[in-house]
1. Starting from 0.36 nm per residue, how many nanometres of slack lie between S122 and E135 once their C-alpha separation is accounted for?
2. Using a Förster distance of 41 angstrom, determine the FRET efficiency expected from the C-beta separation of T207 and D376, and round it to 0.05.
3. With no solvent and one equal point scatterer per Cα, compute the Debye intensity ratio I(q)/I(0) for the stretch 1-129 at 0.12 Å⁻¹ and report its log10, rounded to two decimals.
4. Computed FRET efficiency, Cβ-Cβ of K224 and I174, R0 25 Å: what is it to the nearest 0.05?
5. Short version: ³J(HN,Hα) in whole Hz for each residue of the stretch 146-155, in order, from phi by Karplus 6.51 cos²θ - 1.76 cosθ + 1.60 (θ = phi - 60°), x for Gly and Pro, what are they?
6. Sort K245, K85, K297 by heavy-atom solvent-accessible area, probe 1.4 angstrom, most to least.
7. Pull up the cross-link candidates among the aspartates and glutamates for K324, meaning alpha carbon to alpha carbon under 19 Å and not fewer than 8 places away within one chain.
8. Based on Cβ point charges of +1 for Lys and Arg and -1 for Asp and Glu, what charge dipole magnitude is obtained for the stretch 8-99 about its Cα centre, in debye rounded to the nearest 20?
Amino acid sequence: MSDKITTQVVVLGSGPGGYSAAFRAADLGLDVVLIERYSTLGGVCLNVGCIPSKALLHMTKHIEEAQHLAEEGIEFGEPKIDLDKLRKHKEKVVGQLTGGLGQMSKMRKVKVVNGYGKFTGSNTIKVEGDDGETEVKFDNAIIAAGSQAIKLPFIPHDDDRVWDSTDALELKEIPKKMLLLGGGIIALEMGQVYASLGSKVDVVEMTDQLVPPADADIIKNFNKQIKGRFENIMLNTKATNVEAKKDGVYVTFEGDKAPKDPVKYDAVLVAVGRAPNGNKIDADKAGVNVDDRGFIKVDSQMRTNVDHIFAIGDVVGQPMLAHKAVHESHVAAEVISGKKHFFEPKVIPSIMYTNPEVAWAGVTEKEAKEQGIEYDAVTFPWSASGRAIASNAQQGMTKLIFDKNNRIIGGSMCGTNAGELLGEVCLAIEMGCDAEDIALTVHAHPTLHESVGLAAEIQEGAITDMP
Ligand code: FAD
């Protein structure tokens, strides 16, 4: 069967960037077609990224917390893990959200076309679906094709014990011994899930710290708090060979902490970054420039080098985060509808949703040094917070960075709910607050967000006797 559709706006890809662009464009009165290769909307984030990983982290966090409570007088029995139930719970969460997107598309009369879309010209996309081909003729296009996990040439990715994050989220089994190949956010989140479920987990990271973009003191604090979670953290070390044998996956290492002989694992999670999908959509047929890595360059209105074609989300560059994609999507849809809108946030927050969470926004201290920015860094240790002590979160820390005019330009935290607390820091930076603005804001007591106000008070010189 072959079909032809004409539309004012076509959106290619239905991740957070794509569905948000489609909804905003439809809300602005435009006629919209949304193309998605998979049967559910929501892209990586809802189906195999942000949401299922957070569902699993939420469930497994309680295992660690129960172990801790035993030290304080509330003892539970050994946890009994029912992987099927856990998987079903995760699928229910995902289904609720992706199903909601389907309904929201219908309500807005966004036409969803299922199948793989590729440009065939500057105003046409051909979609190959299970039910045949559809040609979509468009006035404007928004490319939201996202990204996929990077594969390394020396790794046998087709072996079913060699996982990417999507495989890890499937929860097929709890491997006895597992390697996280890469020490970034995705690896450490999944590593926490499997360690809580009982796997013995090693980590190999080629740089000198876990989560390389975060500040060293924040990660030092994180390492202290997760002591014992991982069996062996190998920094400044590379995996140089991965061999799948009958009895296990053997990994050879090179570097500071490299074991002499190959180590046998039951599963290896490869999480070494994500590559954009820009060169898989025949963008050249529409005249859109794509770089060698697959990124599509856009201006601050999310416009590509072709006037009526826009691109958003992971496919346009770092940071590859859902909230960045959503904000970019609104800009693209609004510009198409004739509004003058630009994507120019001061900060895009980064959060690792482990226990404890690590969160940062704006300039890190590391970046301030590299960029030669005159700055003050102040740290508020949560050991001085009543709420933190009462909640067994006293090991955490809040750090704020101020420029030479005492204006806040960055903030990092490690601790319970750090990702939630970071919202205040983001707003303060966007609003151009200085230390006094933050210090004079009445923060409720006892809360963890008091730590932001108290860090600003330290900067103001109002507190001088920190432990
Ligand atoms: P995607 O979500 O990648 O969506 C692109 C969509 O386009 C996909 O559905 C794909 O099937 C479709 N598509 C691509 N090409 C075609 C084509 N030719 N035809 C039809 N359809 C096509 N980010 C956060 O902000 N917070 C988190 O907590 C977080 N956790 C994550 C955890 C994991 C395990 C992973 C892998 C990622 C995580 N991310 C997180 C990153 C986040 O998922 C991405 O930044 C976000 O999904 C990008 O949105 P997008 O719209 O650009 O693309």
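1. Working: separation 13, 0.36 × 13 = 4.68 nm, distance 1.28 nm.
This chain segment gains 3.4 nm when fully extended.
2. Working: r = 27 Å, r/R0 = 0.65.
The formula returns an efficiency of 0.95 here.
3. The computed values of log10 I(q)/I(0) come out as -0.58.
4. Working: r = 26 Å, r/R0 = 1.05.
E(calc), rounded to 0.05, equals 0.40.
5. Here the 3J(HN,Hα) series is x, 8, 9, 4, 6, 10, 9, x, 8, 10 Hz.
6. Numbers: K245 90, K85 145, K297 165 Å².
Ranked from most to least accessible, the order is K297, K85, K245.
7. D299, D314, E334, E344, E420, E424, E430
8. Working: 10 positive and 12 negative charges, 91 e Å.
For the stretch 8-99, the charge dipole is close to 440 debye.
The values are calculated or read from the model by the stated rules, or taken from the named source; none is laboratory data. No experiment lies behind these values; they were computed from the predicted model shown. Note that we place each Cβ from the backbone using ideal geometry, even for glycine, and neighbour counts take in every protein chain shown. Each accessible area value is taken on the protein alone, full model and side chains, heavy atoms only, with ligands, DNA and RNA left out. Shrake-Rupley method; radii C 1.70, N 1.55, O 1.52, S 1.80 Å.
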